[in-house]
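Undergrad: Questions regarding the structure given below will be posed in turn.
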Amino acid sequence: MASFQKRSFISALMMFSLSLLALSGQNSFNPGTIIVNDSTTMKGEISAVDSEGIITTCLFKAGPSINPISFTPDELQGWQLNSGRRFVSGKDITPETSEMFLEILFDGVSDLLYYNDLSADHYLIRDMNGRLFTLNAGRKGKRSSQPDDAYTDASGIRAVLRICMADAPALADRINTLEPDREVLIDLMHDYHVLITQAESDIVYELPPPALEAGAGLFVRYGVDLFSANETGDLVGYSYDPALYPGIGICLTTSFPRITRNFRSILNLSLAERYVYGFSIEEIPDYSLTLYQEMHLHHLVLSGELLFEYAFGTGRLQPSFFAGPAFQAVIKDESRIDYDMAGEDIVLSESIPFESGSQFHGGVMVGVGVSYAMNSSLALFLRTGYSRLSGDDTFSGLDSFNISAGITF
């Protein structure tokens, strides 16, 4: 009986797994249109089949319940998805691309096509005279499938672009510092088209950038906090040394490329151990005594900022300005005050735990920074910021300065 139940459970689990696979397969189809060789168009659902990254087959379904039909590059002119992406058969491009579909990135006075074979990103530019230029952005540790004379580094790509766009000298300086990737090349093709035709209206197609891009990063930070005693609190008369401390954190970035690449939001979270020393001397003349008070604030601090940053320029090195809400939260407090009372014939000492009025301080941060793009996905940054944070019954406020250095990816 137990064996039967076990087999039944396994069978049910297998059926459930197959159902999930079937649903996954269905979800891989997206609404779109295919264009057969006689220029007839058919609407339905499309799924691309790739081999080592190269799209070699287009699966087409005229309806949800109809079995898919397989099309090769020999059988189609191309296809496009309702979401906007377009693909063209490579049979009429070059012999090397005859068995694949290429993505159209730009269609205008010159065309920009793309495919990826897992070893490199390959871009093909077809100019107004029918000349074909190949740009291969090789990936470290990988070997390209392109011929030996293909350009596989940034300097070679720039050299090809200078030849391809020789009739647009206004782009020369931009090409000389260009770091090739999809969006950079699309933007370049767009501006080249406008320079040559003096119009945008006759651009047939341009792949839009993503509506939203998210990234993450790591950083180290060094902070300086300046405390001010509340004039109406119990610690009036204390002098505080600046608190200098290191920290480590993570950041999450969000940008909106379709609006602008110069604006983004940054969420920073960092953790640090902070020590603050305060000192006070109080004379008690009636008893000829002097009271020495030493404050030792030992905090484990969680800091956070939601910053809105605007970067200037389009090069690899970009200065920026940022501002946004900030907070500090003490998540562990091991503070104390040491009291020493001294007179002619007596010395009394006592140490008592101390906790400030609030463990959370909110405010605003402003600052400047600079970033350096190592490539299309990695960037180094350096930022310096100032925060003014709220006070409590103990402290009237907190001025915080910090400098952060890190990497985003």
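The values are calculated or read from the model by the stated rules, or taken from the named source; none is laboratory data. Values in this document were obtained by computation on a predicted structure and should not be read as measured data. Every residue, glycine among them, receives a Cβ derived from its backbone with ideal geometry; neighbour counts consider all protein chains shown.
Undergrad: State the number of residues belonging to region 84-99 that are among the aliphatic types (A, V, I, L, M) and touching a Lys or Arg at 6+ places or on another chain (Cβ under 9 Å).
TA: 1
Undergrad: Is it the case that region 326-335 has a residue that's part of a loop (DSSP other than H, G, I, E, B), out of contact with any strand residue (DSSP E or B) (no Cβ under 8 Å at 6 or more places or on another chain) and touching a residue at least 40 places away in the same chain (Cβ under 8 Å)?
TA: Within region 326-335, the subset part of a loop (DSSP other than H, G, I, E, B) is 334-335.
Next cut, out of contact with any strand residue (DSSP E or B) (no Cβ under 8 Å at 6 or more places or on another chain) only: none.
No.
Undergrad: Identify the residue in region 336-356 that is part of a strand (DSSP E or B) and acidic (Asp, Glu) and, among all such residues, is surrounded by the fewest Cβ atoms within 10 Å (Cβ to Cβ). Can you show your working first?
TA: Filtering region 336-356 down to residues part of a strand (DSSP E or B) leaves 336-342, 347-353.
With the extra rule that they be acidic (Asp, Glu), the set shrinks to 338, 340, 350.
Details: ASP338: 14, ASP340: 14, GLU350: 9.
Taking the candidates together, the pick is GLU350.
Undergrad: Which members of region 226-246 meet the condition of being outside any loop (DSSP other than H, G, I, E, B) and more than 27 Å from LEU269 (Cβ to Cβ)?
TA: Once the filter is applied, which keeps residues that are outside any loop (DSSP other than H, G, I, E, B) and more than 27 Å from LEU269 (Cβ to Cβ), region 226-246 yields ALA229, SER239.
Undergrad: Which of the residues belonging to region 62-87 are among the basic types (Lys, Arg) and either modelled with pLDDT under 95 or in a loop (DSSP other than H, G, I, E, B) (or both)? Before you say what the answer is, go through the steps one by one.
TA: So the first thing to find is which residues in region 62-87 are among the basic types (Lys, Arg), and the list is 85-86.
Residue satisfying the conditions is ARG85 alone.
Undergrad: Now for a separate question. When you check PRO285 against the structure, is it loosely packed, with under 15 Cβ neighbours inside 10 Å, assigned by TED's automatic domain parsing to the domain that holds SER351 and at pLDDT 95 or above, yes or no? Steps first, answer last, please.
TA: On the way: loosely packed, with under 15 Cβ neighbours inside 10 Å: yes; assigned by TED's automatic domain parsing to the domain that holds SER351: yes; at pLDDT 95 or above: no.
It is false that PRO285 is loosely packed, with under 15 Cβ neighbours inside 10 Å, assigned by TED's automatic domain parsing to the domain that holds SER351 and at pLDDT 95 or above.
Undergrad: I need the full set of residues from region 229-246 which are over 43 Å from the mean Cα position of the chain (by Cα) and hydrophobic (A, V, I, L, M, F, W, C), in order please.
TA: Residues satisfying the conditions are LEU235, VAL236.
Undergrad: On to the next question. Of all residues being of a type in the set (Lys, Arg) and surrounded by 15 or more Cβ atoms within 10 Å (Cβ to Cβ) in region 224-267, which is nearest to LEU302 (Cα to Cα)? Just the residue, please.
TA: Ranking the qualifying residues of region 224-267, first place goes to ARG264.
Undergrad: Let me ask something else. Looking at SER351, SER356, SER335, SER376, can you tell me which residue is within 28 Å of ARG264 (Cβ to Cβ) and among the polar types (S, T, N, Q)?
TA: SER376 is the lone residue from the list that is within 28 Å of ARG264 (Cβ to Cβ) and among the polar types (S, T, N, Q).
Undergrad: Being of a type in the set (Gly, Ala, Ser), within 18 Å of the chain's Cα centre (by Cα) and part of a loop (DSSP other than H, G, I, E, B) narrows it down to one residue among GLY315, GLY249, GLY304; which is it? Give the steps one after another, and end with the answer.
TA: On the way: GLY249 fails: part of a loop (DSSP other than H, G, I, E, B); GLY304 fails: part of a loop (DSSP other than H, G, I, E, B).
The match here is GLY315.
Undergrad: Right, something else. For region 88-97, which positions are in contact with a strand residue (DSSP E or B) (Cβ under 6 Å, 6 or more places away or on another chain) and not in a loop (DSSP other than H, G, I, E, B)?
TA: Filtering region 88-97 for residues in contact with a strand residue (DSSP E or B) (Cβ under 6 Å, 6 or more places away or on another chain) gives 88-90.
Correct list: VAL88, SER89.
Undergrad: Could you go through region 34-44 and let me know if any residue there is over 29 Å from ALA211 (Cβ atoms) and touching a residue at least 40 places away in the same chain (Cβ under 8 Å). If you could, list the steps in order and put the result at the bottom.
TA: Just the residues of region 34-44 that are over 29 Å from ALA211 (Cβ atoms), to begin with: 36-40.
From what is left, the residues that are touching a residue at least 40 places away in the same chain (Cβ under 8 Å) are 36-37.
The answer is yes; a qualifying residue exists.
Undergrad: Inside region 298-314, can you point out the residues that are in contact with a strand residue (DSSP E or B) (Cβ under 6 Å, 6 or more places away or on another chain) and modelled with pLDDT under 95?
TA: Within region 298-314, PHE312 is the sole residue that qualifies.
Undergrad: Yes or no: GLY237 touching a Pro at 6+ places or on another chain (Cβ under 8 Å) and at positive phi? Give the derivation first.
TA: Numbers: touching a Pro at 6+ places or on another chain (Cβ under 8 Å): no; at positive phi: yes.
The answer is no for GLY237.
Undergrad: Out of LEU382, LEU297, I need the residue that is within 21 Å of ILE281 (Cα to Cα) and either in the same structural domain as GLY217 (by TED's automatic domain parsing) or in contact with a helix residue (DSSP H, G or I) (Cβ under 9 Å, 6 or more places away or on another chain) (or both). Which one?
TA: LEU297
Undergrad: If you don't mind, there's one more thing I want to ask. Pick out the one residue from SER349, SER320, SER270, SER255 that is of a type in the set (Gly, Ala, Ser) and free of Cβ contacts under 8 Å to residues at least 24 places away in the same chain.
TA: SER349
Undergrad: For region 17-31, check the following and say yes or no: at least one residue is outside any loop (DSSP other than H, G, I, E, B), surrounded by 13 or more Cβ atoms within 10 Å (Cβ to Cβ) and at pLDDT 95 or above.
TA: Scanning region 17-31 turns up no residue that is outside any loop (DSSP other than H, G, I, E, B), surrounded by 13 or more Cβ atoms within 10 Å (Cβ to Cβ) and at pLDDT 95 or above.
Undergrad: On to the next question. How about region 98-216: which helices (runs of 4 or more DSSP H) wholly inside it have at least 2 residues that are within 30 Å of THR254 (Cα to Cα), at pLDDT 95 or above and not polar (S, T, N, Q)?
TA: The helices (runs of 4 or more DSSP H) meeting that bar are 182-197.
Undergrad: Are any residues in region 357-385 aliphatic (A, V, I, L, M) and surrounded by 19 or more Cβ atoms within 10 Å (Cβ to Cβ), and if so, which ones?
TA: MET365, ALA379
Undergrad: If you don't mind, there's one more thing I want to ask. So in region 217-233, with the set limited to residues that are touching an Asp or Glu at 6+ places or on another chain (Cβ under 7 Å) and modelled with pLDDT under 90, which one is nearest to PRO257 (Cα to Cα)?
TA: Looking at the filtered set, the residue picked out is ASN230.
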